[in-house]
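Enquirer: Let me give you the structure first, and then I'll get to my questions.
The values are calculated or read from the model by the stated rules, or taken from the named source; none is laboratory data. Keep in mind that this is a model prediction, so the values were computed, not measured. Here the Cβ positions follow ideal geometry from the backbone for every residue, glycine too, while neighbour counts run over all protein chains shown.
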Amino acid sequence: MKAIAALLMMVVASAFVTGTSQAADKPQDLIVGKWVPTNEKNKGMTFEFTKAGDLKISVKAEGLNLDISGKYKFLDDKTIELTMENPLKKEEKKSDKITVKSIVADKLVLVGPDGKEEEFKPAK
């Protein structure tokens with residue numbers, strides 16, 4: 001009886017650990033945090049995705065210091081809807097859909113509505 005109980009506890013613990021790691025691998029969880037483009041021409045930009053669905057883009061380059069706020073929402077595991085404010089007219093908002101080509105803990109690849117890919121790495 002003790003052997004069965006021990007085996008049952010191992011199965012339950014294994015299922016819990018497996019379930020937890022699978023949940024952490026969801027794009028909706030992996031995207032949370034600060035990301036920077038790997039492309040040198042976009043140096044000085046930071047994208048911060050919060051768990052609550054807020055998005056903040058900071059641009060600090062060549063004397064420019066700009067913060068743009070917005071929201072993001074996953075429509076499915078590969079499609080994100082972004083709604084961003086116009087930094088010059090905060091009452092104006094623009095929405096677009098972007099595609100998550102791939103995402104892992106240390107690399108994010110997004111495809112914009114224009115079909116261009118942008119690769120990101122976690123900010124330090």
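Enquirer: Would you point out the residue of region 76-121, among those that are of a type in the set (Lys, Arg) and in contact with a Leu (Cβ under 8 Å, 6 or more places away or on another chain), that is nearest to residue 27 (Cα to Cα)? Full working, then the answer.
Expert: Within region 76-121, the subset of a type in the set (Lys, Arg) is 78, 89-90, 93-94, 97, 101, 107, 116, 121.
Then drop every residue that is not in contact with a Leu (Cβ under 8 Å, 6 or more places away or on another chain), which leaves 97, 101, 121.
On the way: 97: 15, 101: 10, 121: 14 Å.
Among those that are of a type in the set (Lys, Arg) and in contact with a Leu (Cβ under 8 Å, 6 or more places away or on another chain), it is 101.
Enquirer: So which residues in region 57-68 are loosely packed, with under 15 Cβ neighbours inside 10 Å and either in contact (Cβ under 8 Å) with a residue 60 or more places away in the chain or assigned to a strand (DSSP E or B) (or both)?
Expert: 60, 61, 64, 65, 66, 67
Enquirer: Sort out which residues of region 74-86 are loosely packed, with under 13 Cβ neighbours inside 10 Å and either out of contact with any strand residue (DSSP E or B) (no Cβ under 6 Å at 6 or more places or on another chain) or not in a strand (DSSP E or B) (or both), and write them in order of number.
Expert: Correct list: 76, 77, 86.
Enquirer: Restricting attention to region 64-94, and to residues there that are touching a Ser or Thr at 6+ places or on another chain (Cβ under 6 Å) and at pLDDT below 95, which single residue is farthest from residue 50 (Cα to Cα)?
Expert: 93
Enquirer: Specify which of the listed residues (97, 107) is surrounded by 10 or more Cβ atoms within 10 Å (Cβ to Cβ), at pLDDT 95 or above, within 19 Å of residue 51 (Cα to Cα) and more than 12 Å from the chain's Cα centre (by Cα).
Expert: 97
Enquirer: Still on this model: Of all residues in region 92-105, which are in a strand (DSSP E or B) and charged (D, E, K, R)?
Expert: So in region 92-105, the residues in a strand (DSSP E or B) come out as 93-104.
Within region 92-105, 93, 94, 96, 97, 101 meet the criteria.
Enquirer: Of all residues in region 35-48, which are in contact with a Pro (Cβ under 7 Å, 6 or more places away or on another chain) and either more than 17 Å from residue 99 (Cβ to Cβ) or surrounded by fewer than 16 Cβ atoms within 10 Å (Cβ to Cβ) (or both)?
Expert: Residue satisfying the conditions is 45 alone.
Enquirer: Test of understanding: among 51, 121, 71, 89, which residue is assigned to a loop (DSSP other than H, G, I, E, B), surrounded by 10 or more Cβ atoms within 10 Å (Cβ to Cβ) and of a type in the set (Lys, Arg)?
Expert: Within the list 51, 121, 71, 89, the selection yields 51.
Enquirer: For residue 110, are the conditions met, namely being in contact with a Phe, Trp or Tyr (Cβ under 6 Å, 6 or more places away or on another chain) and either over 21 Å from residue 33 (Cβ atoms) or not β-branched (Val, Ile, Thr) (or both)?
Expert: Numbers: in contact with a Phe, Trp or Tyr (Cβ under 6 Å, 6 or more places away or on another chain): no; either over 21 Å from residue 33 (Cβ atoms) or not β-branched (Val, Ile, Thr) (or both): yes.
The answer is no for residue 110.
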